[in-house]
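K.L.:
Next up is a structure, given as structure tokens.
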Amino acid sequence: MRYQFVGTSELTQTPAVAVVIDVMRAFTVAAWVFARGAEKIVLASSEDEALALKRRHSEWIAVKDGAPSDGFDEVNSPARIAASDLTGRTVVQKTKAGTVGALAVADAPLALCASFLVADATARFVRAHQAEQVTFVVTGDDGRADEDLACAEYIGHCIGSDSVDVAPYLQRARYSDAAADLTEGLHRGYKGIHVDDVDYCLEVDRFPFAMLVSREGPLTVLRPVAVAVE
């Protein structure tokens, strides 16, 4: 199996198999959304689209990057989402990097979103499909974010092996620019960050599901898919 690692802007064609990575924080949040009982996540292309969906479906939960703002129910913080009861709910998510990458490959025959929390399940799901090539879409910093690259490389190695030491990959993520930015934002009192967000993003293989992207009518939807232990 061959791998390539690209930024969202570097996608020149729709890959056969795509794994979209956003560790801090979109797909760590997404994993917790499903762990807290949500049925699906609708990926919005803009904040305006997210708010329009919320107006049409008042029972849906709208989540965005940044500080809290009118019309949105929650911010893109895994620690805050982990404290929510989302049983049976639909969540609309808009972020500046992760959801953009997912929308870019939504027409792929197989597209998954991932973070460290679902790394092993994602690797096993991809392995079961016996793909010839996997395109990892590294969404942070236009393909250069080390926390996303580390997670992508870890998943890639897990596809080919059942005994991969995650410690070096987690260390890269912990000392990444994104982790530093979250910590600095917290110190400045930025209201879109929880004190535990970085630690939540560095949990490994917490959940036994992969997260599958698909088109459902006019919507791009993310759903959890249980992956059996081999």
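The values are calculated or read from the model by the stated rules, or taken from the named source; none is laboratory data. Computed from a predicted model, the values in this text were never measured in an experiment. Cβ sites come from the backbone with ideal geometry, for glycine too, and all protein chains shown count toward neighbours.
K.L.:
Got a number for residues in the stretch 164-188 being in a helix (DSSP H, G or I), within 14 Å of ALA119 (Cβ to Cβ) and of a type in the set (D, E, K, R)?
P.N.:
Total meeting the criteria: 1.
K.L.:
Against the conditions (1) touching a Gly at 6+ places or on another chain (Cβ under 8 Å); (2) farther than 22 Å from ASP107 by Cα; (3) buried (at least 19 other Cβ atoms within 10 Å of the Cβ), where does VAL33 fall short? Just the number, please.
P.N.:
For VAL33, the exception is condition (1).
K.L.:
Which of the following residues is crowded, with 18+ Cβ neighbours inside 10 Å and out of contact with any strand residue (DSSP E or B) (no Cβ under 8 Å at 6 or more places or on another chain): ALA52, ALA38, ALA79, ALA44?
P.N.:
ALA79
K.L.:
Restricting the stretch 82-94 to residues that are among the hydrophobic types (A, V, I, L, M, F, W, C) and under 15 Å from GLU39 (Cβ atoms), which is surrounded by the fewest Cβ atoms within 10 Å (Cβ to Cβ)?
P.N.:
By that ranking, first place goes to LEU86.
K.L.:
Can you confirm whether the stretch 200-217 contains a residue that is modelled with pLDDT of 95 or more and in a helix (DSSP H, G or I)?
P.N.:
yes
K.L.:
Which residue, of THR8, THR28, is under 16 Å from the mean Cα position of the chain (by Cα), of a type in the set (Ser, Thr, Tyr) and surrounded by 22 or more Cβ atoms within 10 Å (Cβ to Cβ)?
P.N.:
Just a single option satisfies the conditions, and that option is THR28.
K.L.:
State all residues of the stretch 58-96 that are more than 22 Å from VAL195 (Cα to Cα) and touching a residue at least 12 places away in the same chain (Cβ under 8 Å); if no residue qualifies, say none.
P.N.:
Residues satisfying the conditions are GLU59, TRP60, ILE61, GLY71, THR87, GLY88, ARG89, THR90, VAL91, VAL92.
K.L.:
Restricting to the stretch 113-127, what's the tally of residues that are in a strand (DSSP E or B) and either at pLDDT below 95 or over 14 Å from the mean Cα position of the chain (by Cα) (or both)?
P.N.:
Counting residues in the stretch 113-127 that are in a strand (DSSP E or B) and either at pLDDT below 95 or over 14 Å from the mean Cα position of the chain (by Cα) (or both) gives 0.
K.L.:
Same structure again: Out of ASP73, ASP48, ASP65, ASP22, report the one residue that is under 23 Å from ALA152 (Cα atoms) and either modelled with pLDDT under 95 or more than 15 Å from the chain's Cα centre (by Cα) (or both).
P.N.:
ASP65
K.L.:
Which residues, counting only those in the stretch 9-27, are among the hydroxyl-bearing types (Ser, Thr, Tyr), touching a residue at least 24 places away in the same chain (Cβ under 8 Å) and either more than 22 Å from SER214 (Cβ to Cβ) or out of contact with any Asp or Glu (no Cβ under 7 Å at 6 or more places or on another chain) (or both)?
P.N.:
Selection gives SER9 alone.
K.L.:
Something else about it: Would you check which residues across the stretch 128-146 are assigned to a loop (DSSP other than H, G, I, E, B), at pLDDT below 95 and not small (Gly, Ala, Ser) and list them?
P.N.:
GLN130, GLU132
K.L.:
Looking only at the stretch 157-177, decide whether some residue is surrounded by 17 or more Cβ atoms within 10 Å (Cβ to Cβ), on the phi < 0 side of the Ramachandran plot and acidic (Asp, Glu).
P.N.:
no
K.L.:
So which residues in the stretch 218-227 are farther than 18 Å from GLY37 by Cβ and either part of a strand (DSSP E or B) or without any contact (Cβ under 8 Å) to a residue 12 or more places away in the chain (or both)?
P.N.:
Correct list: PRO218, LEU219, THR220.
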